[in-house]
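Encoded as structure tokens, the structure appears first; notes follow it.
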Amino acid sequence: MFNAIQTALSGLVANSKRVDASAQNIAHMNVTGSLTDPENAPYTPVTTVQESQSSANGGAGNGPGGVLAENVPVDRPFVPAYAPDSPFADENGVVGAPNVNLAAEIVNLKVAEYSYKANLGALETAQDMTGELIDLLDTDS
């Protein structure tokens, strides 16, 4: 039962990271910058990657269960955008814009919502099972 609690809690933490990544991406989706000057680069969007703690610790079934999550930069962080009035525009009027897909970010937020609910359900079930076990072991009844 404790593994179930640990697994559900790790799922809640992982989904918190997923929400954080989407929130950052949405908030900064219009932060453009230079494609050539790293000091004035556009916002770099992030994505959440998850790894099973079991496989992270030496193979299936050997770890404590649950997931490890980390926010990492996306593979193609910038796309060219035409903004000739920007101070970061090159000689052709092109700047770098964050490669953020608003629809995908909304889907990520919905996935996190449903995952939160599923992990909370697992926590409630573990709590109910613990209560039943304590009732069964109670010798005073």
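Condition first: in contact with a Ser or Thr (Cβ under 8 Å, 6 or more places away or on another chain) and either more than 30 Å from Leu9 (Cα to Cα) or touching a residue at least 40 places away in the same chain (Cβ under 8 Å) (or both). Now tell me which residues in the stretch 67-77 satisfy that.
Result: Val67, Leu68, Ala69, Glu70, Asn71, Pro77.
Just for the stretch 89-122: of the residues that are of a type outside the set (Asp, Glu) and part of a loop (DSSP other than H, G, I, E, B), which one is farthest from Asn30 (Cα to Cα)?
Asn92
Regarding the stretch 30-47, can at least one residue be identified that is modelled with pLDDT of 95 or more, surrounded by 16 or more Cβ atoms within 10 Å (Cβ to Cβ) and under 17 Å from Val13 (Cβ atoms)?
Yes, that holds for at least one residue.
Of the conditions (1) at pLDDT 95 or above; (2) surrounded by fewer than 12 Cβ atoms within 10 Å (Cβ to Cβ); (3) farther than 28 Å from Thr7 by Cβ, Lys110 clears all except one; give me its number.
Of (1) at pLDDT 95 or above; (2) surrounded by fewer than 12 Cβ atoms within 10 Å (Cβ to Cβ); (3) farther than 28 Å from Thr7 by Cβ, only one is false for Lys110: (3).
Can you spot a residue in the stretch 51-68 that is surrounded by fewer than 16 Cβ atoms within 10 Å (Cβ to Cβ) and at pLDDT 95 or above?
no
Collect the residues in the stretch 79-107 that are surrounded by fewer than 12 Cβ atoms within 10 Å (Cβ to Cβ) and farther than 21 Å from Thr47 by Cα, keeping them in residue-number order.
Tyr82, Pro84, Asp85, Pro87, Glu91, Asn92
The values are calculated or read from the model by the stated rules, or taken from the named source; none is laboratory data. All of these numbers come straight from a predicted model, not from anything done at the bench. Ideal geometry is used to build each Cβ from the backbone, glycine not excepted, and the neighbour counts take in all protein chains shown.
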